Each structure stands twice: as structure tokens, then as C-alpha cells.
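The values are calculated or read from the model by the stated rules, or taken from the named source; none is laboratory data. Everything numeric here is computed off the predicted structure, so don't read it as measured data. Every residue, glycine among them, receives a Cβ derived from its backbone with ideal geometry; neighbour counts consider all protein chains shown.
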Amino acid sequence: MGIKAEVRIKSGDANAEEKVKILFQDMIERWPSSLVARSQLSKFTGGLLSQRYMANLDSLGIGIKDRIRCGRQIAYPVRSVVEFLESRTKRA
């Protein structure tokens, strides 16, 4: 079950920031769990974050906050993933 949402943001769009916030809120609402497994990050973010990239950031101590481990699996709270994305989002 992938998340597909399209928001068109044009350069110079005065409402761009609001549209991005709506997109991120939509991601939270559509995800079927309160956690995102590291192996599912690519699916959750539409390919913006990969499992390997996040593992590297975690090892450097600059990954998504509040991660949990269950056995050999790593997961992140959905809101923490979105906060991470928001902190790295810039207008193009």
C-alpha cells in the first residue's frame, strides 16, 4: 500500500509552504500504523529516503529521532519521520 499524493508547487507560489504542510499531514493520515519500519521508509516517503541512507544517518547520530528496535528491526514514529522530512525540505 503506497502513499500517492500529488501537490503541484510552482516557483514563486505564495502558498507553497502551506501545500507542503498539507502533503506531510496527508502522509501521516494515510499510513496504516503509528510506526514506519526502516525497511518501509522508501514506500512511506515515495522514494525520498532509503533504508540504507537512514541506517548511515543513524550511525552518525543525525538520523530520525525516537527510533525503536524490536528484535532486529528498527522503526520510527510516523510524526518523527515527517518532522525529519520537514527539517530537510527546501523550496526548489
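Tabulated values for the structure
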| item | result |
| --- | --- |
| Single condition ILE22 does not satisfy, out of (1) under 14 Å from the mean Cα position of the chain (by Cα); (2) at pLDDT 95 or above; (3) in a helix (DSSP H, G or I) | (2) |
| The stretch 51-78: number of residues that are part of a helix (DSSP H, G or I) and either of a type outside the set (Ser, Thr, Tyr) or in contact (Cβ under 8 Å) with a residue 12 or more places away in the chain (or both) | 9 |
| Looking only at the stretch 38-92, and only at residues there that are surrounded by fewer than 16 Cβ atoms within 10 Å (Cβ to Cβ), over 11 Å from the mean Cα position of the chain (by Cα) and aliphatic (A, V, I, L, M), the one that is modelled with the lowest pLDDT | ALA92 |
| Restricting the stretch 3-19 to residues that are loosely packed, with under 10 Cβ neighbours inside 10 Å and not polar (S, T, N, Q), the residue that is modelled with the lowest pLDDT | LYS4 |
